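Here is the structure we will look at, set down as structure tokens.
The values are calculated or read from the model by the stated rules, or taken from the named source; none is laboratory data. Bear in mind that the values here come from a model prediction, so they are computed numbers and not experimental data. Cβ sites come from the backbone with ideal geometry, for glycine too, and all protein chains shown count toward neighbours. With ligands, DNA and RNA removed, areas are computed over all heavy atoms of the protein, side chains included. Shrake-Rupley method; radii C 1.70, N 1.55, O 1.52, S 1.80 Å.
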Amino acid sequence: MRPTAPDFPPPVILTSTEEVASLCERLKQEPFVTIDTEFVRERTYWPELCLVQLAGENDVAVIDTLAPGIDLTPLSELLNQASCIKVFHAARQDLEIFLHLFDRLPQSIFDTQVAAMVAGFGDQVGYDSLVGAITGRTIDKAHRFSDWSARPLSKAQIAYASADVTHLRTVYLALKDQLVKQGRLSWADAEQAVLTDPATFRPDPRGLWEKLKARTNNRRMLAILREVVAWREHEAQAADVPRQRIIRDESLLEVAAVRPQDPEALSRIRGVNRGFAEGRMGRGLIEAIAIAEALPDTDLPRPPAKSDRSGRPSQALVALLKVLLAAKCEEHKVAPKLVASSDDLDRLALGETSGMDALKGWRKEVFGIDALALVRGEIALAVVRGQVELQRLAVHSAK
């Protein structure tokens with residue numbers, strides 16, 4: 001039976017520090033508060049916060065963070081109140097914003113998207129789908145792509161923004177109740193632990209080169225790529241512009257391959273004009289290349305571990321593991337993406353077992369033990385009355 005969604009008061013727009021302080025002081029006393037943000041990021045490196053939506057038991061408020069003279073310190077204090085749980089849906093971007101704004105992450109976080117995956121609502125379920133599944137209500141997403149930095153805001157925009165925190169209260173209570181009944185609240189807590197680590201939102205610039213997936217085992221080229229990608233990240237942060245605005249990924253890959261030593265050579269790289277090559281940016285990029293060229297061989301990065309893997313897994317065995325994963329997750333009502341990744345299945349098919357989350361804790365109980373048994377040939381998969389079932393095999397040792 002679906003929970004009855006309560007009727008909330010109309011949202012209040014807050015444009016002054018005093019209004020924000022009064023609201024946050026009330027919300028600090030509550031067991032939980034639901035939070036969402038609206039921002040724009042197309043023109044900047046850091047998200048430009050435009051609105052913060054908050055809902056308590058008797059309050060629905062939209063803070064206009066662009067209002068002249070507004071101070072968000074009271075909001076920071078609320079976020080740091082450990083006794084009040086801060087409920088988000090798909091919290092990563094919101095948390096990144098608050099970490100950049102206040103230099104610390106909110107305390108006592110609950111992410112309903114993560115909780116929904118643990119509770120069996122599927123992989124990365126959207127907010128509107130989750131609200132529909134739990135409350136039966138429909139969220140109007142017509143203003144999903146609004147320019148939230150434009151003022152004044154329309155009544156429709158304000159109603160859209162506040163809906164993201166009102167229904168979230170009902171969703172949170174229903175999910176928490178379900179997780180308690182399933183005995184999985186600790187599962188959700190474990191999955192949300194990554195959201196409490198600032199390193200999740202502030203990755204080391206010298207580790208970002210791996211995301212470009214250079215198709216080479218040339219360690220000197222990878223060293224150059226590491227240095228120029230880190231250089232670009234620092235420049236983008238300092239200028240507060242999107243990293244691709246500095247120089248595009250494909251140009252950096254060519255820079256690492258060609259290794260230009262002077263502005264003339266740099267200007268011949270596709271996507272690099274002469275003004276860039278001969279200016280401050282070009283000098284910085286050439287200096288980053290020189291740093292990588294001077295590194296001793298012992299300090300050169302190695303290709304990502306996946307590139308060093310010998311042999312290819314049997315695709316038939318990988319397919320069987322996928323079926324097993326789907327069947328076990330269907331049985332336990334948990335999202336497959338939360339249990340094992342495609343790389344985990346490849347590694348299992350190759351007989352690898354070390355350092356794999358799928359073989360630890362609750363994941364091992366749900367899937368890992370049976371996955372290992374399948375790889376060893378100790379179980380088979382069968383279809384019984386339209387359902388996939390496991391059948392234990394009598395394994396005889398060779399004489």
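Please quote Rg/Rh for the chain to two decimal places, taking the Kirkwood radius as Rh and restricting both calculations to Cα atoms.
My calculation of the ratio gives 1.04.
In terms of Cα to Cα distance under 25 Å, which lysines are near enough to Lys211, apart from those fewer than 8 places away along the same chain?
Within the straight-line limit of under 25 Å, Lys211 reaches these lysines: Lys306, Lys337.
Among the DSSP beta bridges whose two residues both lie in the range 12-200, what percent are antiparallel, rounded to the nearest 5? Working shown, then result.
On the way: 12 of 21 bridges.
Restricted to the range 12-200, the bridges split so that about 55 percent are antiparallel.
Please give the contour-minus-distance gain from Lys181 to Val388: 0.36 nm per residue of separation, less the Cα-Cα distance, rounded to one decimal in nm. Don't jump to the answer; show the numbers that get you there.
Values: separation 207, 0.36 × 207 = 74.52 nm, distance 2.58 nm.
Extra length available between Lys181 and Val388 comes to 71.9 nm.
Counting only the heavy atoms of the protein chains, how much of Met281 is accessible to a 1.4 Å probe, in Å² to the nearest 10?
Approximately 40 Å² of Met281 is accessible to the 1.4 Å probe.
When the convex hull of the C-alpha atoms of the range 12-200 is computed, what volume per residue in Å³ does it have? Don't jump to the answer; show the numbers that get you there.
Working: hull volume 22.6 nm³, N = 189.
Convex hull of Cα atoms, per residue: 120 Å³.
Give me the accessible area of Lys176, 1.4 Å probe, in Å² rounded to the nearest 10.
My reading of the accessible area for Lys176 is about 80 Å².
In deg cm²/dmol, rounded to 500, what helix-only [θ] at 222 nm does the chain give when every DSSP H run of at least 4 residues adds -39500 (n - 2.57) and the total is split over its residues? Before the final figure, lay out the partial values.
On the way: 17 runs with 178 residues, N = 399.
Roughly -13500 deg cm²/dmol at 222 nm, from the helical runs in the chain.
At Phe102 and Ala239, where each label point lies 7 Å from the Cα along Cα→Cβ, what is the point-to-point distance in nanometres?
Between Phe102 and Ala239, the label points sit 3.2 nm apart.
For the range 248-352, take the convex hull of the Cα atoms, compute a quarter of its surface area, and give me that in nm², please. All intermediate terms of the calculation are to be shown ahead of the outcome.
Working: hull surface 41.7 nm².
It is 10.4 nm².
Return one quarter of the surface area of the convex hull spanned by the alpha-carbon atoms of the range 205-294, equal to its mean projected area, in nm².
5.1
Of Lys333/Lys360; Lys86/Lys333; Lys155/Lys333; Lys86/Lys141, which pairs sit farther than 28 Å apart, going by alpha carbon to alpha carbon? Numbers along the way, then the final one.
On the way: Lys333/Lys360 18 Å; Lys86/Lys333 26 Å; Lys155/Lys333 40 Å; Lys86/Lys141 23 Å.
Listed pairs above 28 Å: Lys155/Lys333.
Out of the GluC sites (Glu not before Pro) in the range 1-102, which ones are loop residues according to DSSP with at most 15 other C-beta atoms within 10 Å?
Details: sites: Glu18, Glu19, Glu25, Glu38, Glu42, Glu48, Glu57, Glu77, Glu96; in loops: Glu42, Glu57.
Hits after loop and neighbour filter: Glu42, Glu57.
Connecting C-alpha atoms closer than 10 Å in a GNM of the chain, tell me which of Val180, Val241, Val383 has the biggest fluctuation.
Val383
Can you tell me what the convex hull of the Cα atoms of the range 218-264 projects to on average, as an area in nm²? Intermediate values should be presented prior to the final figure.
Working: hull surface 13.5 nm².
Projected over every direction and averaged, the Cα hull of the range 218-264 covers 3.4 nm².
Rounded to the nearest 0.05, what FRET efficiency do Thr196 and Ala294 have when you use their Cβ-Cβ distance and R0 = 51 Å?
Values: r = 39 Å, r/R0 = 0.76.
Efficiency, rounded to the nearest 0.05: 0.85.
Could you pull the accessible area for Trp187 with a 1.4 Å probe, rounded to 10 Å²?
My reading of the accessible area for Trp187 is about 40 Å².
With only alpha-carbon pairs counted, each pair once and no self-pairs, how large is the Kirkwood hydrodynamic radius of the range 73-139 in angstroms?
Values: mean 1/r = 0.0766 Å⁻¹.
Taking the inverse mean of 1/r over all distinct Cα pairs, the range 73-139 comes out at 13.1 Å.
Over the range 205-294, with every protein chain in place, what whole percent of the accessible area is carbon and sulfur at 1.4 Å, could you tell me? Spell out each step's value before the answer.
Numbers: 2230 of 4680 Å².
On the range 205-294, the fraction of accessible area on carbon and sulfur atoms equals 48 percent.
Restricting everything to alpha-carbon atoms, can you work out Rg to Rh for the range 7-79 with a Kirkwood hydrodynamic radius?
Details: Rg = 12.5 Å, Rh = 12.7 Å.
Radius of gyration over Kirkwood radius for the range 7-79 works out to 0.98.
So with the 1.4 Å probe, I'd like the accessible area per residue for the chain, rounded to whole Å².
It amounts to 51 Å² per residue over the chain.
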